[in-house]
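Asks: Quick one: the structure is below, questions incoming.
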Amino acid sequence: MEGKLEFGSSDVSLWKQALSSYPTRLQAVKKAEIVELDSFYTKQLPTLLHQRDPNPHITKSELSKLMQWKLTRGKWRPRLMSFVSSLDEEQVKYASEKAFGSLPDLSEAVSALTTLKGVGPATASAILASYAPHIAPFMSDEAMLAALGNAKEYTLKQYLSFAEKLQAKAKELSIGGVVFTPSDVERALWATEISLKIPASTVKNSSPERKKKRQRKSQ
């Protein structure tokens, strides 16, 4: 990626470039199952949730896999996985139905989900972002640091401030036929911040094009 994407930038091409680099940055993280988990979170889970309209909800097994995605993409906290495992299926269904039904009120939606043990504002944001990426961005450390300059407060108040900023940025970038969601903004910021932590050679070697070249040479 050429240069560092700053949150205050209005350069749509730079944001599109950052967002398009997300899959490559994800592979470069080199954590077990991260690509598979991200595919579940960004593609399979949204479809499953919307198939349950008009009463959408998340199941306990889906929440467990979402939590695994969240911890793999960020900091691993095994205790959270054990909390999710101890939840009752009906509790999860009731809380998520109430949360999805509360949208676009993020405060009400997050509050409904955080009644579940082990589900804080960050995990709640991940659940909401999967169902409504046009409203709710995932509360990742990297995106919070870029947008707010602070990634240490995992509170509802902090999330609402974060979401408001990403919603405004998505609206600003959605011009001339280009559509950005708050979740797109989050992924672009995550990819940018991760690129600063991973050596350039690692990113290059993990790109799909580089892998194809290595495969051709080995044949």
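The values are calculated or read from the model by the stated rules, or taken from the named source; none is laboratory data. Here the structure is a predicted model, which means the values were calculated and not measured. With ideal geometry, Cβ positions are generated from the backbone for all residues, glycine too; neighbour counts draw on all protein chains shown.
Asks: Yes or no: segment 12-27 includes at least one residue that is in a loop (DSSP other than H, G, I, E, B) and of a type in the set (G, A, S).
Replies: Within segment 12-27, one or more residues are in a loop (DSSP other than H, G, I, E, B) and of a type in the set (G, A, S).
Asks: Turning to a different aspect of this structure: Can K4 be described as of a type in the set (K, R), loosely packed, with under 13 Cβ neighbours inside 10 Å and not in a helix (DSSP H, G or I)?
Replies: When the stated conditions are applied, K4 does not pass them.
Asks: If you don't mind, another one. From K117, K43, K75, K93, which residue is within 16 Å of the chain's Cα centre (by Cα) and farther than 21 Å from E193 by Cβ?
Replies: Only one candidate qualifies: K43.
Asks: Name the residue, out of K4, K75, that is within 22 Å of T123 (Cβ to Cβ), of a type outside the set (S, T, N, Q) and touching a residue at least 60 places away in the same chain (Cβ under 8 Å).
Replies: The unique qualifying residue is K75.
Asks: Just the residues that are within 18 Å of S20 (Cα to Cα), at pLDDT 95 or above and either surrounded by fewer than 18 Cβ atoms within 10 Å (Cβ to Cβ) or polar (S, T, N, Q) (or both), please, taken from segment 170-179.
Replies: Across segment 170-179, the qualifying residues are S174, V179.
Asks: Which of the following residues is out of contact with any strand residue (DSSP E or B) (no Cβ under 9 Å at 6 or more places or on another chain), part of a helix (DSSP H, G or I), polar (S, T, N, Q) and crowded, with 17+ Cβ neighbours inside 10 Å: T47, T72?
Replies: T72
Asks: Looking only at residues that are part of a loop (DSSP other than H, G, I, E, B) and surrounded by fewer than 18 Cβ atoms within 10 Å (Cβ to Cβ) in segment 135-169, which one is modelled with the highest pLDDT?
Replies: T155
Asks: Scan segment 50-69 residue by residue and report those that are crowded, with 16+ Cβ neighbours inside 10 Å and in contact (Cβ under 8 Å) with a residue 40 or more places away in the chain.
Replies: Correct list: P56, H57, I58, L63, L66, M67, W69.
Okay, residues lined up against (1) surrounded by fewer than 17 Cβ atoms within 10 Å (Cβ to Cβ); (2) in contact with a Lys or Arg (Cβ under 6 Å, 6 or more places away or on another chain); (3) on the phi < 0 side of the Ramachandran plot:
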{"residue": "W15", "(1), (2), (3)": "no, no, yes"}
{"residue": "S20", "(1), (2), (3)": "yes, no, yes"}
{"residue": "L26", "(1), (2), (3)": "no, no, yes"}
{"residue": "K30", "(1), (2), (3)": "yes, no, no"}
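Asks: Which residues, taken from segment 115-134, are surrounded by 19 or more Cβ atoms within 10 Å (Cβ to Cβ), of a type outside the set (A, V, I, L, M, F, W, C) and within 18 Å of Q167 (Cα to Cα)?
Replies: Answer for segment 115-134, where residues must be surrounded by 19 or more Cβ atoms within 10 Å (Cβ to Cβ), of a type outside the set (A, V, I, L, M, F, W, C) and within 18 Å of Q167 (Cα to Cα): P121, S125, S130, Y131, P133.
Asks: Quick check: anything in segment 94-112 outside any loop (DSSP other than H, G, I, E, B), β-branched (V, I, T), buried (at least 21 other Cβ atoms within 10 Å of the Cβ) and in contact with a His (Cβ under 8 Å, 6 or more places away or on another chain)?
Replies: No - not one qualifying residue is present in segment 94-112.
Asks: Further, regarding this structure: Can you tell me which residues in segment 124-154 are over 27 Å from T59 (Cβ atoms) and over 12 Å from the mean Cα position of the chain (by Cα)?
Replies: L145, A146, A147, L148, G149, N150, A151, K152, E153
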